[in-house]
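First comes the structure, then the notes that go with it.
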Amino acid sequence: MTSNVIVAPPLPEARGPLSAAVVSVLRDGAPASIARMDADPFGEDLQLALYTCYELHYRGFDRVDPEWEWEPGLLRLRARMERVFLDAIRTELPGGDDVGAALRRVTAEATEDTGVSAYLRDHGEWWQLREYLVHRSIYHLKEADPHAWVIPRLRGQAKASLVAVEYDEFGGGRGERMHARLFAELMRETGLDPAYGRYLDAVPAVTLATVNMMSLFGLHRALRGALVGHFAAAEISTPPGAQRLAEALERLGARPGAEVFFTEHIEADAVHEQVLRRDVVGDLLAAEPYLAADVVLGAQATAMLEERLGGRLLGAWRAGESSLRAPVLT
Ligand SMILES: [Fe+2]
Ligand SMILES: [Fe+2]
């Protein structure tokens, strides 16, 4: 019998001086003092350190006092890492404030029949599909949580419509229909361990960056436009990818029913996309037109970080190698 008692995940293994400082402060209570902040903004060390700080706002870690969530020294360190990460994201992007063009670009890229989901549908092997799910588990086991932070920062129709989308993400009032729960079921179906945080040590920085971006945008009221732009881009790009992944599961002989997580997203996100575009982005910009550049930032950052992740996965697989940091799958 599986227990419903929640157990927080263990602290991750450090990947460098920054993440070692964060992990040791949480484990031993030693104050985190980092003099220099010269880590690669997209590298393993900074991304894991940032992820670990953010996780204190979600489920925390086993044997870590939840009060660390608001400890000023740790928040100060997190703020420095966030600045480095956000500056690096901005440097990579074309920017601008044309929201319509930014979202059209996302639509065009999503409907191109390329990328990881197309690869998995056409050539993927079972172990590659499972690796893909391991990468995605970092987000999907807390699906829609980062977006919930933005709710108090919105008003009027934008808030009402975003909450309507979140209601679906959280199962429409039914715990067993929560998207995070559907993803856990999919993991079980494919022989993976759906325990929250189970694969944190296995996934590379490029995966963590996609989730850190959501937490960064969600936790800062100043970045509410970016969170909304990210959410719109994510909903626009999901349905075509979900369709391809459902086909990949079928081709690879997954048990019928395993694809529910993806089929759910083909239908739901076609609606979510419209709601996000028209009612959330549209209403937000009508009320706060000065947020247009931030909405563009969110959409472009999503596309850029997803592309980096896709490149890592396809690069490894085409070379016949694992895309994970450690071969955790048997
Ligand atoms: Fe979802
Ligand atoms: Fe959705």
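Overview of values
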| item | result |
| --- | --- |
| In nm, spacing of pseudo-spin labels at Gln157 and Asp193 (7 Å Cα→C-beta vector) | 4.8 |
| The chain - charge dipole about Cα centre, Lys and Arg +1 at Cβ, Asp and Glu -1, debye rounded to 20 | 400 |
| Surrounding net charge for Ala205, when Lys and Arg each add one and Asp and Glu each subtract one, Cβ distance under 10 Å | +1 |
| Mean-position separation - Cα centroids, the range 251-276 and the range 66-95, in angstrom | 33 |
| Trypsin sites (Lys or Arg not before Pro) restricted to DSSP loop in the range 248-311 with at most 15 other C-beta within 10 Å | none |
| Full-stretch length increase - Arg325, Ala79 - with 0.36 nm per residue and alpha-carbon distance subtracted | 85.9 nm |
| Inter-label distance, nm, simple model (7 Å from Cα along the C-beta direction), Ile6/Leu93 | 3.1 |
| Ranking by accessible area, most exposed first, for Val5, Val281 with a 1.4 Å probe | Val5, Val281 |
| nm² value of the averaged projected area, convex hull over the Cα atoms of the range 228-330 | 8.1 |
| Sparsely packed trypsin sites (Lys or Arg not before Pro) within the range 75-172, loop by DSSP, other Cβ within 10 Å at most 13 | Arg155 |
| Prolate/oblate/rounded label for the range 61-213 (Cα gyration tensor, a/c 1.5) | rounded |
| Probe 1.4 Å, accessible area per residue of the chain, Å² | 45 |
| Arg174-Ser33 FRET efficiency (beta carbon distance; Förster radius 41 Å; 0.05 resolution) | 0.30 |
| Under 19 Å from the Glu250 label point (7 Å along Cα→beta-carbon), backbone N, the range 268-286 | 268-270 |
| Largest to smallest accessible area among Glu288, Glu13 [probe 1.4 Å] | Glu13, Glu288 |
| Inter-label distance, nm, simple model (7 Å from Cα along the C-beta direction), Ala270/Ala148 | 2.9 |
| Protein-only accessible surface order, largest first, of Thr207, Thr114 at 1.4 Å | Thr114, Thr207 |
| Proximal charge balance of Gln157 [Cβ under 12 Å; K/R count +1, D/E count -1] | +1 |
| Reduced Cα scattering model of the range 126-264, Debye log10 I(q)/I(0), q = 0.20, 0.22 Å⁻¹ | -1.30, -1.47 |
| Counted charge near Glu259, where neighbours are those whose Cβ lies closer than 10 Å (Asp, Glu -1; Lys, Arg +1) | -3 |
| Percent accessible area from carbon and sulfur atoms, the chain, protein chains only, probe 1.4 Å | 52 |
| DSSP-assigned coil residues among chymotrypsin sites (Phe, Trp or Tyr not before Pro) in the range 63-110, each with at most 12 further Cβ atoms within 10 Å | none |
| Shape category assigned to the chain from the gyration tensor of Cα positions, a/c cut at 1.5 | rounded |
| Nearest-20 debye value, the range 185-241 charge dipole, Cβ charges on Lys, Arg, Asp, Glu | 300 |
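The values are calculated or read from the model by the stated rules, or taken from the named source; none is laboratory data. What you see is a predicted model; the values in this text were computed from it and never measured. Note that each Cβ is placed from the backbone with ideal geometry, even for glycine, and that neighbours are counted across all protein chains shown. Ligands, DNA and RNA are excluded from the accessible area calculation, which covers all protein heavy atoms including side chains. Shrake-Rupley method; radii C 1.70, N 1.55, O 1.52, S 1.80 Å.
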